[in-house]
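Visitor: Provided herewith is a single structure, encoded as structure tokens, for subsequent inquiry.
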Amino acid sequence: MKHQTVIRGATVFNGGATFVADIGVVDGVIATLGRDLEGENVFDASGENLRVFPGALDAHVHLG
């Protein structure tokens, strides 16, 4: 499967676990967590101080 966007080597927090994986995104939704994913747009998150929290909301949200 070729994804629209791949975030490569991200540190993922999911279900109390922390692991490094590629994140494949299709139509703005996380479609795949895995390794060596293919994508049209690839962003390298390895070695950066970046964290991914799937399904988390911004803690600073104003709801009207």
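The values are calculated or read from the model by the stated rules, or taken from the named source; none is laboratory data. Please read these numbers as outputs of a predicted model, since none were measured by experiment. Note that each Cβ is placed from the backbone with ideal geometry, even for glycine, and that neighbours are counted across all protein chains shown. Surface accessibility is based on the protein's heavy atoms, side chains included, excluding ligands, DNA and RNA. Shrake-Rupley method; radii C 1.70, N 1.55, O 1.52, S 1.80 Å.
Visitor: Identify, by number, the condition in (1) open to solvent by 80 Å² or more (accessible area, probe 1.4 Å); (2) within 8 Å of the chain's Cα centre (by Cα); (3) among the charged types (D, E, K, R) that Lys2 doesn't meet.
Guide: (2)
Visitor: Every residue in the range 12-46 that is open to solvent by 70 Å² or more (accessible area, probe 1.4 Å), in a loop (DSSP other than H, G, I, E, B) and under 12 Å from Met1 (Cα atoms), please.
Guide: Result: Asp36, single match.
Visitor: Please name all residue pairs, on different chains or six or more residues apart, with Cβ atoms under 9 Å, provided the first residue is in the range 35-64 and is at pLDDT below 70 and the second residue is among the small types (Gly, Ala, Ser) and outside any loop (DSSP other than H, G, I, E, B).
Guide: Qualifying pairs under 9 Å: Glu48/Gly9; Glu48/Ala10.
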